[in-house]
Amino acid sequence: MSTEVKESPQAPVVAPRSPLFGKKERKLITDPLNDNNPITVQVLGICSALAITVKVQNAMVMALSVLAVVVVGNMVISALRNLIPSRIRIIAQLVIAAGLVTLVDIVLKAYVYDVSKQVGVYVGLIITNCILMGRYEAFAMGNKVWPSALDGLGNSLGYAWILMAVATVREIFGSGTWFGMPILGDAKAGTGLYALGYMNNNLIILPPFALVCVGIIIWVQRSRNTKLVEAA
């Protein structure tokens, strides 16, 4: 009589699925807002921060345009990362970026034509934005679609809040308006602060002052977060 004991088949081990918004996923969004900000820490995208921040509306349009191109581009490149030959990956990334920038430019001309006339030149230059190519190459080429989308979102938001902050200061004190609405009073009628002798500071709307604003943000950021201070 046989004494062999038949082993019951084991159920296949299923790897636990990572949550959509776990700790790592949340960090992809929150880090670029402060500790790893693309402008103040990585020092990328400085040119647009200088050129496009005269008005808050223009800064917001540029920020939304970059967000669309970076997030969608990250997702597309991540989905195709195993199909793109390593030798032509930069060319492939540029083609994808150029296609997305063209679509964004067409949408702006169709729905916000007046704003498009003011920022159209800079929207076309998104393809050369270091943030864009940096996220494509450094993250999307080596990660799955969902983390790549969150990385693009986080870096775009980090870029956006710097642009909006700089544009707010420049428009209010340089033009006396915010989103085109009078904030300090009517300069022609002499109301508000203008009644006290205040005059719009034309120096503030010049590109060099944008660099001063970014420098002040960097100083405040490093004074509050010592991790960002480089060792002497």
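Coordinate-derived values only; no laboratory data. Predicted model only: the values in this text are computed from it and were never measured. Note that we place each Cβ from the backbone using ideal geometry, even for glycine, and neighbour counts take in every protein chain shown.
A few remarks follow.
- Sorting 203-210, 143-150 by average packing, meaning the other beta carbons within 10 Å per residue, from highest down gives 143-150, 203-210.
- Counting charges near Val54 (Lys, Arg +1; Asp, Glu -1) among other residues having Cβ under 13 Å from its Cβ returns a value of +1.
- Given (i) 1.04; (ii) 1.36; (iii) 1.73, the label whose value is Cα Rg over 2.2 N^0.38 Å derived from this model: (ii)
- Proximal charge balance of Met75 [Cβ under 13 Å; K/R count +1, D/E count -1]: +2
- Per-residue ellipticity at 222 nm computed for the chain from its helices equals -19000 deg cm²/dmol, with DSSP H segments shorter than 4 residues left out and the rest contributing -39,500 (n - 2.57).
- Relative contact order of the chain, pairs being alpha-carbon contacts under 8 Å that are 6 or more residues apart, as %: 30
- Region 41-170: relative contact order as a whole-number percent, Cα under 8 Å and 6+ apart: 49
- A Gaussian network model of the chain, with springs between Cα atoms under 10 Å, assigns the largest mean-square fluctuation among Ala195, Ala51, Ala160 to Ala195.
- Residues Lys188 and Asp35, FRET efficiency given R0 of 35 Å [Cβ-Cβ distance, rounded to 0.05]: 0.15
- Of the peptides 56-62, 98-104, the order by per-residue mean of other Cβ atoms within 10 Å, starting with the highest, comes out as 56-62, 98-104.
- At full extension, Cys47 and Gln221 could sit 60.6 nm farther apart than now, given 0.36 nm per residue minus the alpha carbon distance.
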